[in-house]
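**Student:** Got a structure for you, questions after.
The values are calculated or read from the model by the stated rules, or taken from the named source; none is laboratory data. None of these values were measured; they are calculated from a predicted model. Neighbour counts run over all protein chains shown; Cβ positions are idealised from the backbone, glycine included. Ligands, DNA and RNA are excluded from the accessible area calculation, which covers all protein heavy atoms including side chains. Shrake-Rupley method; radii C 1.70, N 1.55, O 1.52, S 1.80 Å.
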Amino acid sequence: MKLNLKQIADLIPNSKIINTETPEKIEFDSVKKLSEANENSISIFNTKSNQKEFKDSKAIVYLINEDVLSLVNKPSLLVPNVDIALGKVLDLFFPPKKSIGKRGEFISISKTAEIEDNVDIGNFVSVGENSKIGKNSIIEDGVKIGDNVRIGENARIGMNTVFHGDIIIGKNFTVFGNSTFGGDGFKFVTLEKIHYKIPQIAKVIIGDNVEIGSNCSVDRGGIEDTVIGDGCKFDNMVHVGHNVKIGKNVIIAGQSGVAGSTIIGDNCLIGGACAISDHLVLPANSIVAGGTGMRTSPKEPNVFIGWDWGLTYPEFQKARVNIKHLIGFNKIISRIKEIEKKMGIENKE
Amino acid sequence: MKLNLKQIADLIPNSKIINTETPEKIEFDSVKKLSEANENSISIFNTKSNQKEFKDSKAIVYLINEDVLSLVNKPSLLVPNVDIALGKVLDLFFPPKKSIGKRGEFISISKTAEIEDNVDIGNFVSVGENSKIGKNSIIEDGVKIGDNVRIGENARIGMNTVFHGDIIIGKNFTVFGNSTFGGDGFKFVTLEKIHYKIPQIAKVIIGDNVEIGSNCSVDRGGIEDTVIGDGCKFDNMVHVGHNVKIGKNVIIAGQSGVAGSTIIGDNCLIGGACAISDHLVLPANSIVAGGTGMRTSPKEPNVFIGWDWGLTYPEFQKARVNIKHLIGFNKIISRIKEIEKKMGIENKE
Amino acid sequence: MKLNLKQIADLIPNSKIINTETPEKIEFDSVKKLSEANENSISIFNTKSNQKEFKDSKAIVYLINEDVLSLVNKPSLLVPNVDIALGKVLDLFFPPKKSIGKRGEFISISKTAEIEDNVDIGNFVSVGENSKIGKNSIIEDGVKIGDNVRIGENARIGMNTVFHGDIIIGKNFTVFGNSTFGGDGFKFVTLEKIHYKIPQIAKVIIGDNVEIGSNCSVDRGGIEDTVIGDGCKFDNMVHVGHNVKIGKNVIIAGQSGVAGSTIIGDNCLIGGACAISDHLVLPANSIVAGGTGMRTSPKEPNVFIGWDWGLTYPEFQKARVNIKHLIGFNKIISRIKEIEKKMGIENKE
């Protein structure tokens, strides 16, 4: 499949062709990064730090932004946002899968389940009682859907995903393989060293336009629901404990966890390998850098960083530079002692 | 389904009805937290910090404890432990699933496997050679049981759980979706940069009354077994390496890991996002706060906290307050230098 | 099954029988660690710290190395590497499974897929379009192989492993249960708080002789492939983001993650519970101790340790000892202030 620069320019609002008079003659059949592009590729150039790679790149045409415009001397398309433009080009080459209503082999669907129109159901899929799958969804091989699960239209459910039961999900939901929804929340009461389980009977509620990665776990609530708001995007191996409320448009990167009953405000951005403790409130619009532990609830949104430090980003930057002084800290104390001794100050250690 | 306060009081030993003369007329059909309760709900009130929510709550009746008794002016049931009482009420509304001996579709059971009486087996379940499932168990959809796996009576095995083989599990075992048992331990020997695998041939042994969350991994041992004691409860995404011995009644919260050959004593409590290094011994009754890294074996049980700190909880509390001094540490050193200069002390840096 | 010392000695090059004249009469039927061995066991003794266990051990014979030779007064086999020798003995008692070309029940294989000779395919396995499985492989129960997946010869694919599609894997690949390959990379562009997905269309490429644990996630690339080199060994719950390039013979222990676009050089050794940030370059032959966060790219290979510290191993050792001084840090500052006051130095805080 070949596309040309004219076609792409027509597709992207407010784009501008530069360094060529014949965009319809600039054809390409692949999308590659600068260093991997060949003379049949379109590539992207959006930061001056890639100036050398751009110079050496063999691509026939580039998606560029204002930041690098002054450096560009090859046929290119100036666009408002390179990533968005790239997405549109990729969608032409690799159109997202659409459901066609096909059925795999070895399927077990409860009589009380409802499958709406034009849903693809893969091999080895089960759907439990009173569950419903919205139209135009793709349910991949090995997905297990328990009882009382409602999945909105246009879902893409990755292979071997498990829905234990009592789950409500909005439209345009995506999840990748081996994720688990609706396992019991982790709640035991200990009497004389024996741990007694407290039943977990509330739901998992997920909004519209949510995407979740592979090998994630989202637990059902105790007596209140676990909630994930519209527009949230989670990476792989994200753990969400019971009763957690996550607002709208929250990003959580890989291997981060949110412990039970914590509330995450709208538009928070949580990096990878973070641990958000239980029963906290993270204010809307907070940023939690990768590798951060939150042990207390901040009063105001800010940028937080550091596993055990409880600092904001500027504080952390300064403190971390000084961590090297800890290496010789015992010597510093000796120096203070010597001063005190010479001055006749009583050692107050 | 409706229940009344009299029924609940009769169910819970040492409970006391307060603020009503007609408990049989106080009926409810749902269990909700204070802020979500309506006039047909029972709710719970067990800490003074929820005083405002209690005042505003619309519940018709409350489970309360001694701590809040002086604040309670509405019909309530005073109980020895609110969580235990709540569990009993929830069990009435949502009785735990019981097996009835049903069989799903598309099942593959080895001829040498033994399934005891009254076991439910879901769709897409396989059971390998010489494996055995105890009576009254529920094996959910997609569970894969390899060879030589023994699961005790009254188990509930969540969807898509994998048992690789050579595993012995006691009675009353619960596990949620996509967990994996019996993968090979991680042991390689490196000669001239090539890593040679050392065979892992020992078992996974799990005691009675154990509950494990979703997406967990428990590896088989090398030449000695990996052991999890009676009464242990693990949250989601817990990793247990080969040869690990975990004592009785140990709690491990989400995303924590125990590396190979480590020994965890009875009744230890390990929070979420902890990393317990390999070949350690954690004394019985130790508490490891969430987000803690254990790099060395403590001699005595204590409360440990901090990823890189190696401190007990009281030490950590004091050190963490002082972490802010690191921000201006370079200035402190300048001050010492100036003192030394004025005093004519030789700089010993 | 019984083996004798003579048979083992013949099997292991450069081994030497000691403390017995009749090795063919020293028979054993099990391989146990020192404390668990009985009079029919072979055991291993390779470090002086196990001297007491060796003395008390009931094993009939031991695999030993030069380090402990002076302590050994029982029938033993002196070998160049105890672990390698142990592996050879274990392989005799527990020969690795070999494929015999068997087929399970309920299998769905696309007409365009190719299964080479002598491949075992378990129950509930699906293989998508244009996918290929190399000869002598074992595909366990519940494995889901999407479209355009190529798995080289002699693979062992653990139960319920998911391959989403567009994946190329070399020969001798091993993976354990519930791992996921080829989920979309985590890439969104945010415009006015809404996160727009950028299509992820590149492959996952895995070399020869790679072993991966259970519950791992390896994402497909955006427009460049995610690559794992020959000879890599990963433990459980390892997360590999999109576009990551991992060199040859890299070890990654449990629950560690490598974020998007990072490059890991050949022969790196990464411990458990590590977080390697995105867009970094880790030089070949680096060692990252367990529980380490890498936020920046080091210029030279070294041993790195500490979550937030950015220190090498010797620096960390010294700094960590001094962390205790943070506990009384506020008092140290008071002492400096008092000195300054007595000397009439202006407080510069």
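**Student:** If you take the square roots of the eigenvalues of the alpha-carbon gyration tensor of the protein assembly as shown and sort them as a ≥ b ≥ c, do you get rounded (a/c under 1.5), prolate (a/b over b/c) or oblate? Please report the intermediate quantities before stating the final value.
**Tutor:** Working: a/c = 1.06, a/b = 1.05, b/c = 1.00.
Rounded is the answer for the protein assembly as shown, as its axis ratio a/c remains below 1.5.
**Student:** Put a label point 7 Å from Cα along the Cβ direction on C:GLU192, then list its distances to the equivalent points in the other copies in nm, shortest first.
**Tutor:** In nanometres, ordered from closest: 6.4, 6.4.
**Student:** Whole-Hz Karplus ³J(HN,Hα) for the range A:273-288, in order, using 6.51 cos²θ - 1.76 cosθ + 1.60 and θ = phi - 60°, x for Gly and Pro?
**Tutor:** After applying 6.51 cos²θ - 1.76 cosθ + 1.60, I find 6, 9, 10, 9, 5, 7, 6, 9, 10, 9, x, 3, 6, 6, 10, 10 Hz.
**Student:** Using the Karplus equation 6.51 cos²θ - 1.76 cosθ + 1.60 (θ = phi - 60°), what ³J(HN,Hα) coupling, rounded to whole Hz, does each residue of the range B:44-57 give in order, writing x for Gly and Pro?
**Tutor:** Those phi angles translate into 10, 9, 9, 8, 4, 5, 9, 4, 5, 4, 5, 4, 7, 5 Hz.
**Student:** Further question on the same structure: For chain C, compute the orientation-averaged projected area of the C-alpha convex hull (one quarter of its surface), in nm².
**Tutor:** On the way: hull surface 111.8 nm².
Mean shadow area of the hull around the Cα atoms is 28.0 nm².
**Student:** Specify whether the C-alpha gyration tensor of the range B:78-231 places it in the rounded, prolate or oblate class, a ≥ b ≥ c being the square roots of the eigenvalues: rounded for a/c under 1.5, otherwise prolate if a/b is larger than b/c and oblate if not. Write down the numbers at each step before the final one.
**Tutor:** Numbers: a/c = 2.46, a/b = 1.50, b/c = 1.64.
Because a/c hits 1.5 or more and a/b fails to exceed b/c, the range B:78-231 counts as oblate.
**Student:** Kindly identify residues of the range B:229-253 having a loss of at least 30 Å² in accessible area between the isolated chain and the assembly of all protein chains, probe radius 1.4 Å.
**Tutor:** The answer is B:LYS233, B:ASP235, B:ASN236, B:MET237, B:HIS239, B:ASN249, B:ILE251 - residues whose exposure falls by at least 30 Å² when every protein chain is included.
**Student:** Nearest 100 Å², what total accessible surface is buried between chain B and chain A (probe 1.4 Å)?
**Tutor:** On the way: alone 19800 and 19810 Å², together 33980 Å².
Chain pair B/A: roughly 5600 Å² of buried accessible area.
**Student:** Within the accessible area of the range C:1-139, what % is carbon and sulfur when the probe is 1.4 Å and the other protein chains stay in place? Could you put the intermediate results ahead of the total?
**Tutor:** Working: 3380 of 7240 Å².
Carbon and sulfur together cover 47 percent of it.
**Student:** With an 8 Å Cα cut-off and a minimum separation of 6 or more residues, compute the relative contact order for chain A in percent.
**Tutor:** 6 percent
**Student:** A follow-up question, please. For the range C:171-256, which GluC sites (Glu not before Pro) pass both filters: DSSP loop (anything but H, G, I, E, B) and at most 13 other C-beta atoms within 10 Å?
**Tutor:** On the way: sites: C:GLU192, C:GLU211, C:GLU224; in loops: C:GLU192, C:GLU224.
Taking the range C:171-256 and a limit of 13 other Cβ atoms within 10 Å, the loop GluC sites (Glu not before Pro) found are C:GLU192.
**Student:** Which is farthest toward the positive dipole end of the range A:3-93 among A:LEU5, A:GLY87, A:ALA37, measuring Cα position about the Cα centre, with Cβ charges +1 (Lys, Arg) and -1 (Asp, Glu)?
**Tutor:** A:ALA37
**Student:** If you place +1 on the Cβ of every Lys and Arg, -1 on the Cβ of every Asp and Glu, and leave all else neutral, what size is the dipole of chain C about its Cα centre, to the nearest 20 Debye? Intermediate results must be reported in sequence, preceding the final value.
**Tutor:** Numbers: 42 positive and 42 negative charges, 212 e Å.
My answer is approximately 1020 debye.
**Student:** Pop out the ³J(HN,Hα) list for the range C:233-249 in order, Karplus 6.51 cos²θ - 1.76 cosθ + 1.60 with θ = phi - 60°, rounded to Hz; leave Gly and Pro as x.
**Tutor:** 10, 10, 7, 6, 6, 8, 10, 10, x, 6, 6, 4, 10, 10, x, 7, 6
**Student:** Return the single residue from A:ILE332, A:ILE276, A:ILE121 with maximal mean-square fluctuation; model: Gaussian network over chain A, springs between Cα atoms under 10 Å.
**Tutor:** Most flexible of the set in this elastic network: A:ILE332.
**Student:** Then there's this: May I ask you to list the trypsin sites (Lys or Arg not before Pro) in the range A:21-60 that are in a DSSP loop and have at most 16 other Cβ atoms within 10 Å of their Cβ?
**Tutor:** Working: sites: A:LYS25, A:LYS32, A:LYS33, A:LYS48, A:LYS52, A:LYS55, A:LYS58; in loops: A:LYS32, A:LYS33, A:LYS58.
Listed in order of number, the matching sites are A:LYS58.
**Student:** Oh, and also: Can you list the residues of the range B:84-102 whose accessible area drops by at least 10 Å² going from the chain on its own to the full set of protein chains, with a 1.4 Å probe?
**Tutor:** B:ILE84, B:LEU86, B:GLY87, B:LEU90, B:ASP91, B:PHE94, B:LYS97
**Student:** To make sure I understand the rule: partners must be aspartates and glutamates, Cα under 15 Å from the Cα of A:LYS6, and not fewer than 8 residues away in the same chain. Which ones qualify?
**Tutor:** Straight-distance partners of A:LYS6: A:GLU21, A:GLU24, A:GLU27, A:ASP29.
**Student:** Could you tell me what percent of the accessible area of the range B:194-349 is made up of carbon and sulfur, with a 1.4 Å probe and every protein chain present?
**Tutor:** Numbers: 2950 of 5470 Å².
Heavy-atom surface of the range B:194-349 belonging to carbon and sulfur, 1.4 Å probe: 54 percent.
**Student:** What do you get for trypsin sites (Lys or Arg not before Pro) in the range C:276-349 restricted to DSSP loop and a cutoff of at most 12 other Cβ within 10 Å of the site's Cβ?
**Tutor:** Loop-located and lightly packed - C:LYS299, C:LYS348.
**Student:** Taking the label point as lying 7 angstrom from Cα along the Cα-to-Cβ axis, what are the distances from C:ILE100 to the corresponding position in the remaining copies, in ascending order and in nanometres?
**Tutor:** With the label placed 7 Å along Cα→Cβ, C:ILE100 yields 4.0, 4.0 nm.
**Student:** Send over a whole-number figure in Å² for the accessible area per residue of the range A:164-309, probe 1.4 Å.
**Tutor:** Values: 4150 Å² over 146 residues.
With the other protein chains kept in place, the range A:164-309 gives 28 Å² per residue.
**Student:** Is the range A:3-93 best put as rounded, prolate or oblate by its Cα gyration tensor, with a ≥ b ≥ c the root eigenvalues, rounded for a/c under 1.5, and otherwise prolate when a/b is larger than b/c, oblate when not?
**Tutor:** Working: a/c = 1.34, a/b = 1.17, b/c = 1.14.
Taking the square roots of the gyration eigenvalues as a ≥ b ≥ c, the range A:3-93 is rounded.
**Student:** How far is A:GLU21 from the same spot in each other copy, in nm, shortest first, if each label point sits 7 Å from Cα toward Cβ?
**Tutor:** Result, one decimal in nm: 10.3, 10.3.
**Student:** In square angstrom, rounded to the nearest 10, how much accessible surface does A:THR47 have for a 1.4 Å probe?
**Tutor:** Here the accessible area works out near 50 Å².
**Student:** Follow-up. Suppose only helical runs count, i.e. DSSP H with n ≥ 4. What mean residue ellipticity at 222 nm does that imply for chain A under -39500 (n - 2.57) per run, divided by all residues and rounded to the nearest 500 deg cm²/dmol? Provide the component values of the computation, followed by the final result.
**Tutor:** Working: 5 runs with 50 residues, N = 349.
Helix contribution divided over all residues of chain A: -4000 deg cm²/dmol.
**Student:** Please list the non-local residues whose amide H lies under 5 Å from the amide H of B:ARG156, H modeled 1.01 Å from N, same-chain partners needing a gap of 5 or more.
**Tutor:** Distant-sequence amide H within range of B:ARG156: B:ILE138, B:PHE173, B:THR174, B:VAL175.
**Student:** Assigning unit charges at the beta carbon (Lys, Arg +1; Asp, Glu -1) and nothing else, what dipole magnitude in debye, to the nearest 20, does the protein assembly as shown show about its Cα centre?
**Tutor:** Values: 126 positive and 126 negative charges, 558 e Å.
Result for the protein assembly as shown is approximately 2680 debye, rounded to the nearest 20.
**Student:** For C:202-212, what's the mean count of beta carbons from other chains sitting within 10 Å of each residue's beta carbon? Write out the running numbers ahead of the final one.
**Tutor:** Working: counts 4, 0, 0, 0, 0, 0, 0, 3, 0, 5, 1.
Shielding by partners across C:202-212 averages 1.
**Student:** If you place +1 on the Cβ of every Lys and Arg and -1 on the Cβ of every Asp and Glu, how big does the dipole about the Cα centre of the range A:53-97 come out, in debye to the nearest 20?
**Tutor:** Values: 5 positive and 6 negative charges, 46 e Å.
Result for the range A:53-97 is approximately 220 debye, rounded to the nearest 20.
**Student:** Separation of the range A:252-299 and the range C:155-223 by C-alpha centroid, Å?
**Tutor:** So the two Cα centres are separated by 26 Å.
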